[in-house]
1. For the stretch 7-122, compute Rh as the Kirkwood radius over C-alpha pairs and then the Stokes-Einstein diffusion coefficient at 25 °C and 0.890 mPa s; write the answer in µm²/s, rounded to an integer.
2. Can you give me the distance in nm between label points at Q15 and S124, each placed 7 Å from the Cα along the Cα-to-Cβ direction?
3. Which lysines have a Cα less than 21 Å from the Cα of K103, not counting those fewer than 8 places away in the same chain?
4. Report the net charge of residues surrounding M32, where surrounding means a beta-carbon distance below 15 angstrom and charges are Lys +1, Arg +1, Asp -1, Glu -1.
5. List the residues whose amide H sits under 5 Å from the amide H of S77, counting only those 5 or more places along or on another chain, with H placed 1.01 Å from N in the peptide plane.
6. Report, in debye and to the nearest 20, how large the dipole of the chain comes out about its Cα centre when Lys and Arg carry +1 and Asp and Glu carry -1 on their Cβ.
7. Can you tell me the orientation of helix 105-122 relative to the chain, as the angle in degrees between its alpha-carbon axis and the longest Cα principal axis, to the nearest 10?
8. What are the aspartates and glutamates whose alpha-carbon lies under 20 Å from the alpha-carbon of K23, with same-chain residues fewer than 8 places away excluded?
Amino acid sequence: MTKYYSDKFYEYFNQTTNRGKLKNISTSASAMNPICGDNIELFLEIDKLDTIKNVSYLSNGCAATLAIASLASEKISGQTTKDALAISKDDLIKDIEGLPENKFHASTLMIQVIHQAIDKWSSS
């Protein structure tokens, strides 16, 4: 029997560490996939050195969207905004040890919301 998702995927899908809403928010953004309705709201606390100190998210959607949001929230925490912007959808897919092609939209949505939140913060 072939597994649809990796063990790493299930690890992030079941993880709830960064789910919720931060108390000290420097910036936030949300994005929705208009085709399937998946959505992610991202909250960032960014310090004066452009380092992402804390990350949280709220997400509704398929299992892939939930797992990718969890992975990405962990991945960008502690990084500079510049480094966070350098992460690609392919990086997220690789880090979660693959996704079925029909679930790639989850990584695209997450990258979109990361860029929106950091761009919003940079322009303020």
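1. On the way: Rh = 13.7 Å.
This corresponds to a translational diffusion coefficient of 178 µm²/s.
2. Those two pseudo-labels are separated by 2.6 nm.
3. In chain and number order, the partners are K3, K8, K75, K89, K94.
4. Details: positive: none; negative: D38, E41.
Taking every other residue near M32 into account, the sum is -2.
5. none
6. On the way: 13 positive and 15 negative charges, 51 e Å.
Using only the charged Cβ atoms, the result is roughly 240 debye.
7. Compared with the principal axis, the helix lies near 0 degrees.
8. Answer for K23, where 20 Å is the Cα cut-off: E41, E45, D47, D50, E74, listed by chain and number.
Any read-out appearing in this document is the output of simple, stated calculations on the displayed coordinates, not a laboratory observation. In this text the structure is predicted, and so the values were computed from the model without any measurement. Cβ sites come from the backbone with ideal geometry, for glycine too, and all protein chains shown count toward neighbours.
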